[in-house]
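To start, the structure itself, in structure tokens.
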Amino acid sequence: LNTENAGPAEPLRVSPPEAVDYQRIQVSDTDLLDEQAVSTLVKSLPAHRQIDLVQCAGLSAGSYHVPDDNPYLPVDALPTGLPTAEFDVIVRSLLLLVQALIARWRKQPETRVVVVNSMSGIRPYPYGYAHASAKAGLHNAVRSLALELAKDNIFVSEVNPGAVDTGFYDPASVQEAVTTIGREFGYDYHNATVPQMPPSAVGDAVVLCLTSPAHVLSIDAVARGQFPHHGA
């Protein structure tokens with residue numbers, strides 16, 4: 001949806017109506033790595049609305065080509081630019097959004113920020129040099145924000161999902177790599193699809209972070225049947 005040429009977003013009816021009458025969705029094609037573009041986006045937000053943030057960013061959509069769309073590569077086959085490229089996308093985009101929004105957040109009674117990261121950010125594994133190192137950088141960035149901003153009633157949470165059924169794990173090369181990784185932890189997915197949770201499971205975790213009376217620091221979740229290796 002190109003918001004420059006579109007009229008007001010149509011309400012999308014959801015159930016149950018007694019809980020939420022409707023949700024209004026608008027889409028912008030803002031480049032989140034462009035500081036001026038992020039500033040322009042934030043300035044366009046309605047002044048009278050409560051603004052919280054759910055950040056879910058990744059290296060995809062052609063921003064960096066990985067052979068066979070497989071980021072799980074042995075170290076001797078890893079493109080040397082991949083770790084820093086992914087780190088830049090996920091850490092810098094969050095920084096630019098936080099810097100653009102923080103003055104407004106400090107004027108709100110309370111703000112919730114939820115960063116959807118990855119279990120790769122807290123657990124190492126073979127073939128994880130690029131992906132795990134970038135996600136670990138984001139994990140520590142989020143933990144730093146949680147400590148720094150809580151005194152301003154800006155409560156930062158992190159959701160770390162394992163494999164999610166988004167199509168990311170569809171390529172045969174990714175299936176093969178994850179099967180190899182799983183064997184290191186006593187799980188063999190050779191004759192079955194890699195266990196994946198539905199995207200709604202991630203959404204449920206995000207909603208909990210946004211609505212809980214507690215400050216949820218982190219939620220770590222893997223699909224049933226995925227190796228539950230937790231922590232470094």
With a 1.4 Å probe and all protein chains left in place, how much accessible area per residue does the chain have, in Å²?
57 Å²
Hey, got the Cα dimensions of region 45-167 along the principal axes, in Å, largest first?
50, 26, 26
In a shell of Cβ-Cβ distance under 10 Å around L33, excluding L33 itself, what net charge do Lys and Arg (+1) and Asp and Glu (-1) give?
-3
Rounded to whole Å and ordered largest first, report the semi-axes of the equivalent ellipsoid of region 191-232 derived from its Cα gyration tensor (root of 5λ).
25, 14, 5
What would the Debye equation give as log₁₀ I(q)/I(0) for the chain at q = 0.07, 0.08, 0.16 Å⁻¹, counting only Cα atoms as equal point scatterers?
-0.26, -0.34, -1.28
Of the heavy-atom accessible surface of the chain (probe 1.4 angstrom), what whole percent is carbon and sulfur?
54 percent
Helical contribution to [θ] at 222 nm, DSSP H n ≥ 4, -39,500 (n - 2.57), averaged over the chain, rounded to 500:
-10000 deg cm²/dmol
Lys and Arg at +1, Asp and Glu at -1: add these up for the other residues within a Cβ distance under 15 Å of A141 and post the number.
-1
Per-residue accessible area, 1.4 Å probe, largest first, puts V202, V27 in the order V27, V202
Contact order normalised by residue count of region 107-232, Cα under 8 Å, 6+ apart, percent
33 percent
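The values are calculated or read from the model by the stated rules, or taken from the named source; none is laboratory data. A quick note: this is a predicted structure, and the numbers were derived from the prediction, not measured. Positions of Cβ are generated from backbone atoms using ideal geometry, with glycine treated the same way; all protein chains shown enter the neighbour counts. Protein only, heavy atoms only, side chains kept; ligands, DNA and RNA dropped before computing areas. Shrake-Rupley method; radii C 1.70, N 1.55, O 1.52, S 1.80 Å.
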